[in-house]
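Remarks on the structure that follows.
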Amino acid sequence: MRSHQGAVQAPMAQPGLTGPAEPTLTHPTLSHPTLSHPTPSHPTPSHPTPSHPTLAEGAGPAAKRILIVDDEPKIRSFIGRALVAAGYLTGFAGSGTEALRDALDGHYDLIILDLVMPGLDGRRVLDQLLRARPDQAVMVLSCVADVATKVDCLERGAQDYLTKPFSLAELLARVRVRLREDAHLRSDALRPGEAAAEVIRAGNLTLDVARLVANIGQGPVPLTRLEFLLLRELAEHPGQSVPKGKLLASVWGYDFDPGSNVVDVCVRRLRSKLGFSLIKTVRGEGYQVADH
């Protein structure tokens, strides 16, 4: 299937093919639901060994790693071939339990997560994963399209939500944005000239730059990178309201849809962790950190 077609109709996987994927995706290169790798030059041992992500031809050691979690083999195969052709390393999980194990045992720059799966569903995977790794980037890909579910997943910590059926071009574009955003956040956690041991204070709020934790006098509270960057932006403007557009630009690093509620969702998460009174809503202007 070519990427310019409309909604996804995943092709049948053909086991045994290990050649590199072509950009037009006319033949599959991924056929197994677990992590796979190119045929090794040395004999394969008879006992089980750890799997490795599939590597696109020409991809270097710095290639981004993406875990695809879906209980539908056709969907895993289709997305995997597209990502390999785009130069990414891809791993696969067919259940929530397998996804959680693989994500915590290894390192993935992005996890594409289905919600509706037998056993451990996507929401529980999201909760347990982000509890262990708060800065893990997760994109939900699900047939559940209602707004309440989307908002719930964003509030739980997912960075993005795409519904099925989906456009392959849109999926790839969102993957690029998520990975670019993650790189921006990691590089921006410490600003030029900012010491790792630096502490930022605003009223009762203390931010530990090195540990990404906040303290309002009740003990340290771990934050995700997004939460930390947003709260730091507010803390650096004490007594002032910061417009939502400025928060989008400084924290996320690029322009969102003006109707996006990602700032509001992040503020709600911060309030749930640190108390509602910490961040004030200035109607018609933006948000402001309390000065008490």
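Derivation of every value follows stated rules applied to the coordinates shown; laboratory data play no part. Computed from a predicted structure; not experimentally measured. Glycine gets a Cβ as well: all are built from the backbone with ideal geometry, and neighbour counts include every protein chain shown.
If you average 1/r over every pair of different alpha-carbon atoms in region 199-289 and take one over that average, what Kirkwood value in Å do you get?
Details: mean 1/r = 0.0762 Å⁻¹.
Kirkwood radius, region 199-289: 13.1 Å.
Evaluate E = 1/(1 + (r/R0)^6) for residue 131 and residue 246, where r is the Cβ-Cβ distance and R0 equals 25 Å; express this FRET efficiency to the nearest 0.05.
Numbers: r = 30 Å, r/R0 = 1.22.
Approximately 0.25, to the nearest 0.05.
Cross-link reach is defined here as a Cα-Cα straight distance under 18 Å, omitting same-chain residues fewer than 8 places apart; for residue 246 the lysines meeting it are 280. Using Cα positions and a limit of under 21 Å, work out the lysines in reach of residue 273, with same-chain residues fewer than 8 apart set aside. Cα-Cα hits under 21 Å: 150, 244. Projecting the Cα atoms of 122, 139, 110 onto the dipole axis of region 101-141, where Lys and Arg carry +1 and Asp and Glu carry -1 at the beta carbon, places 122 farthest toward the positive end.
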